[in-house]
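The values are calculated or read from the model by the stated rules, or taken from the named source; none is laboratory data. Only a predicted model underlies this, so the values are computations on that prediction, with no experimental measurement involved. A quick note on method: Cβ atoms are made from the backbone with ideal geometry, for glycine too, and the neighbour counts reach across all protein chains shown. These accessible areas exclude ligands, DNA and RNA; they are computed on the full protein's heavy atoms, side chains included. Shrake-Rupley method; radii C 1.70, N 1.55, O 1.52, S 1.80 Å.
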Amino acid sequence: AASRAGRVVLGSWGADGRFFVHPLRELGGRIICEEARELAGASHAHSLKWLDEQLLAVRAGALDEALVFDVDDADRPLDLVGSRYPLRRALEGPFVQSQDWPPHYPCAPENLPNHLPTINSRPTVPLSWRALRSEGKAVGRAVDAGRFDFVWHRVYVEAEVPEGCGVLLELAAIDDDVLPPDDEFAPHWLGDAATMPPLPADTPRAAWSAAASEIALNPSWLPVERQPQRAGLFTVLAQRAGRRLRDLRGRWLHLRLRLFGNGRRTPCIAAVRIYGERYSYVSHYLPELYRDEEIADRAATGRATPHDFYERFTQLFESELTRWEDLAADAHVLTGPASCPLAALPWLAQFIGARLPSALPAARGRAWVASHAERARRRGTLNGLELALDIASGGWVSGGAIVVVEDFRLRRTVATLLGVDLERDDDPLLPGLITSGNSYVGDTLILGDETVEREFLAAFLPEALEDTFGAERAERITESFYARTAHRATILVHEDLHEELRRLIDAIVVEEAPAHVEVKVLAARERFLVGIAALVGVDSYLREPLPTRVARIDVSRVGRGDVIEGGAALDWRLEAGWAPPSRIPTAVIDGPSIVSPATDFVLSGARSFAAPGFDLTRFTWTRRT
């Protein structure tokens, strides 16, 4: 392939169809072949054409696009350029051999209207890039300062402004609660000067600040890294360009934004903050000689008065000094768990006598330190252990994903007790229960085996055990019944719990559990609740409860959670959000992912299956490339 300027490359194949190009050049009357360059992804290519003096187009196989490579790229092998060069209705074969630029490719004949010649080839051109709108507008709400003749001070913007983009902030202040006219909006520019629309020559331009935020010790809200003059915090003094007195005064402040893009990228604004009232260094620290005099009409246009210029000049120093003063005034936030730097959190925890688990994420670590006083007050209690686990897990205890059970509450027989009131608060079998799965009829009848009976007698009738087994053995039975569940607790978690969080829970149990209580962590296989204060699988789960679904014909079962909504209509057309089952089959193709040319291979669809209630009767195969 030869370019217009005479650059020549020769194509060749290597093993497994790998495609190489060899740049050729003339040297001393001889043709020199330079080092071969492999074209990645162009195996079995069969046609070459230069798009210009740098880009080379390749046709490979029956692809419906041309593969384009930058021959001057230093990468080895050469990778595809970012643009796509689709081949619309292309016919198989090489590029058209002609001197047309860009090169043409053969396509299926296409008749044009008005008796124009039939198209048999098309030029190889890139697919158009996505084009964004070049300009957009936004209008903010009016801000009420609560006082007339209020002087608005400074604007801070957290934004990303790519090259060739910009942001126009228009501010207007007025003492009446009405929309100001357009000529009252004062422009402030943020971005490249070359992209600035026609504005007054003295339009103020925002300056980039190295600080993350003007709010002391506060992180940036911008979701990208700060970059000088491109991304981060920008600031500009609020003022009116072209006026003799340029300070912005008025109770109600109105803001308009115009964003300018380059068609490929646009500005991104994370926050706009406007401050007032202005603290005047001239008025507070300098003699009256330097103060502004009320001698000019505030609506007068022209060059700024000397007093006005000096006022704005001193604000250059105020912008930095205020930031340092705020850092000193807000130093107390460095000792607050919610606001201190993340690196200082372990030190802060030690300072107040707390130990910070190393595996806690940042937000939970801050909550852990903030709750130290409350956890210390509850230390050694069930509530204290639950609070610690809830903070460490991010609310899993309060959400039901972790359940802490004192084992003495498991002193519950598996028998049906007839004649026992199980709603008593002091019942040792089910303390505090209101709802129970047990039943009672009569006075003393117990249904259960001998073991259950002994446990029940040990709890309620120890003297009956003495008559049956003797005093010594009866005492051992009674002690065994209570000892199995005394001073013990169980933490039930779902078995899908991450190992890292499991180790964290174990560490918190060691730290927070009372010294005389033995605590064990058990994984649950199913959603359930040990029958303490609710029924198993009915209203409490170790994970999020299953959502309520609308009852479906031939699918739902009575008592399995589905409900009938909208009356008793069972016609699926009246049920919200439900549609008849799909009739689309599922195709599963088995075969090799890579095959060699001229080699037989097998594709199998045997694992494909039809929709419920249907059968597969035939297969249709379609070649995609």
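Kindly indicate which of LEU248, LEU257 is in a strand (DSSP E or B) and touching a Gly at 6+ places or on another chain (Cβ under 8 Å).
Being in a strand (DSSP E or B) and touching a Gly at 6+ places or on another chain (Cβ under 8 Å) holds for just one of LEU248, LEU257, which is LEU257.
Could you tell me whether any residue of the range 133-149 is at negative phi, open to solvent by less than 80 Å² (accessible area, probe 1.4 Å) and free of Cβ contacts under 8 Å to residues at least 12 places away in the same chain?
Among the residues of the range 133-149, not one is at negative phi, open to solvent by less than 80 Å² (accessible area, probe 1.4 Å) and free of Cβ contacts under 8 Å to residues at least 12 places away in the same chain, which makes the answer no.
Quick one: would you say ARG147 is part of a loop (DSSP other than H, G, I, E, B) and among the basic types (Lys, Arg)? Lay out the reasoning, then the answer.
Details: part of a loop (DSSP other than H, G, I, E, B): yes; among the basic types (Lys, Arg): yes.
Considered against the rule, which asks whether it is part of a loop (DSSP other than H, G, I, E, B) and among the basic types (Lys, Arg), ARG147 comes out as yes.
Which of the following residues is touching a His at 6+ places or on another chain (Cβ under 6 Å) and open to solvent by less than 60 Å² (accessible area, probe 1.4 Å): ALA354, ALA331?
Values: ALA331 fails: touching a His at 6+ places or on another chain (Cβ under 6 Å).
Going through ALA354, ALA331 in turn, just one is touching a His at 6+ places or on another chain (Cβ under 6 Å) and open to solvent by less than 60 Å² (accessible area, probe 1.4 Å): ALA354.
Restricting the search to the range 89-102, which residues are without any contact (Cβ under 8 Å) to a residue 40 or more places away in the chain and either out of contact with any Cys (no Cβ under 8 Å at 6 or more places or on another chain) or open to solvent by 40 Å² or more (accessible area, probe 1.4 Å) (or both)? Don't jump to the end; show me each part of the working.
The initial filter retains those residues of the range 89-102 that are without any contact (Cβ under 8 Å) to a residue 40 or more places away in the chain, namely 89-92, 96-100.
Selection gives ARG89, LEU91, GLU92, VAL96, GLN97, SER98, GLN99, ASP100.
For (1) on the phi < 0 side of the Ramachandran plot; (2) modelled with pLDDT under 90; (3) among the small types (Gly, Ala, Ser), each residue gets a yes or a no:
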{"site": "ASP16", "(1), (2), (3)": "no, yes, no"}
{"site": "SER43", "(1), (2), (3)": "yes, yes, yes"}
{"site": "TRP50", "(1), (2), (3)": "yes, no, no"}
{"site": "ARG59", "(1), (2), (3)": "yes, no, no"}
{"site": "ALA62", "(1), (2), (3)": "yes, yes, yes"}
{"site": "VAL68", "(1), (2), (3)": "yes, no, no"}
{"site": "VAL71", "(1), (2), (3)": "yes, yes, no"}
{"site": "ALA74", "(1), (2), (3)": "yes, yes, yes"}
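Have a look at ALA359, ALA344, ALA388 and point out the one that is of a type in the set (Gly, Ala, Ser), over 24 Å from THR235 (Cα atoms) and free of Cβ contacts under 8 Å to residues at least 60 places away in the same chain. Lay out the reasoning, then the answer.
Details: ALA359 fails: free of Cβ contacts under 8 Å to residues at least 60 places away in the same chain; ALA388 fails: free of Cβ contacts under 8 Å to residues at least 60 places away in the same chain.
The conditions single out ALA344.
Taking the conditions exactly as written (of a type in the set (Asp, Glu) and surrounded by 13 or more Cβ atoms within 10 Å (Cβ to Cβ)), does ASP182 satisfy them or not? First the steps, then the outcome.
Values: of a type in the set (Asp, Glu): yes; surrounded by 13 or more Cβ atoms within 10 Å (Cβ to Cβ): no.
Criteria not met by ASP182.
Among the residues of the range 277-288, are any within 30 Å of ARG133 (Cα to Cα) and modelled with pLDDT of 85 or more? Break it down into steps so the answer makes sense when it comes.
To start, the set of residues in the range 277-288 that are within 30 Å of ARG133 (Cα to Cα) comprises none.
Among the residues of the range 277-288, not one is within 30 Å of ARG133 (Cα to Cα) and modelled with pLDDT of 85 or more, which makes the answer no.
Kindly establish whether ARG278 is charged (D, E, K, R) and open to solvent by 40 Å² or more (accessible area, probe 1.4 Å).
Details: charged (D, E, K, R): yes; open to solvent by 40 Å² or more (accessible area, probe 1.4 Å): no.
When the stated conditions are applied, ARG278 does not pass them.
The conditions are (1) open to solvent by less than 60 Å² (accessible area, probe 1.4 Å); (2) closer than 16 Å to ALA159 by Cβ; (3) at pLDDT 90 or above, and LEU199 fails exactly one of them. Which is it?
For LEU199, the failing item is (2).
Only one of these conditions is not met by LEU222: (1) in contact with a Gly (Cβ under 7 Å, 6 or more places away or on another chain); (2) farther than 27 Å from VAL151 by Cα; (3) open to solvent by 20 Å² or more (accessible area, probe 1.4 Å). Which number is it?
LEU222 satisfies all of (1) in contact with a Gly (Cβ under 7 Å, 6 or more places away or on another chain); (2) farther than 27 Å from VAL151 by Cα; (3) open to solvent by 20 Å² or more (accessible area, probe 1.4 Å) except (3).
Restricting attention to the range 40-55, does a residue exist that is of a type outside the set (Gly, Ala, Ser), open to solvent by 30 Å² or more (accessible area, probe 1.4 Å), in a loop (DSSP other than H, G, I, E, B) and out of contact with any strand residue (DSSP E or B) (no Cβ under 8 Å at 6 or more places or on another chain)?
Checked against the condition, which is being of a type outside the set (Gly, Ala, Ser), open to solvent by 30 Å² or more (accessible area, probe 1.4 Å), in a loop (DSSP other than H, G, I, E, B) and out of contact with any strand residue (DSSP E or B) (no Cβ under 8 Å at 6 or more places or on another chain), the range 40-55 yields at least one hit.
Keeping to the range 56-88, report how many residues are over 20 Å from ALA2 (Cβ atoms), touching a residue at least 24 places away in the same chain (Cβ under 8 Å) and assigned to a loop (DSSP other than H, G, I, E, B).
Final tally of qualifying residues: 12.
From the residues in the range 257-293 that are over 20 Å from LEU321 (Cβ atoms) and among the aliphatic types (A, V, I, L, M), which one is farthest from the chain's Cα centre (by Cα)?
Only one residue fits best here, namely LEU289.
In the range 355-391, how many residues are in contact with a Leu (Cβ under 8 Å, 6 or more places away or on another chain), closer than 16 Å to VAL509 by Cα and modelled with pLDDT of 85 or more?
Looking only at that region, the number is 3.
Okay, residues lined up against (1) closer than 19 Å to PRO597 by Cβ; (2) hydrophobic (A, V, I, L, M, F, W, C):
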position: VAL8; (1), (2): no, yes
position: ALA15; (1), (2): yes, yes
position: TRP50; (1), (2): no, yes
position: PRO86; (1), (2): no, no
position: PHE95; (1), (2): no, yes
position: CYS107; (1), (2): no, yes
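Among (1) farther than 30 Å from THR335 by Cβ; (2) open to solvent by less than 40 Å² (accessible area, probe 1.4 Å); (3) part of a loop (DSSP other than H, G, I, E, B), which single condition is GLU170 missing?
(3)
Six or more apart or on different chains, Cβ atoms under 8 Å: show the pairs whose first residue is in the range 191-216 and part of a loop (DSSP other than H, G, I, E, B) and whose second is surrounded by 14 or more Cβ atoms within 10 Å (Cβ to Cβ) and acidic (Asp, Glu).
From residues that are part of a loop (DSSP other than H, G, I, E, B), the pairs are SER213/GLU158; GLU214/ASP326; ILE215/ASP326; ALA216/ASP326; ALA216/ASP330.
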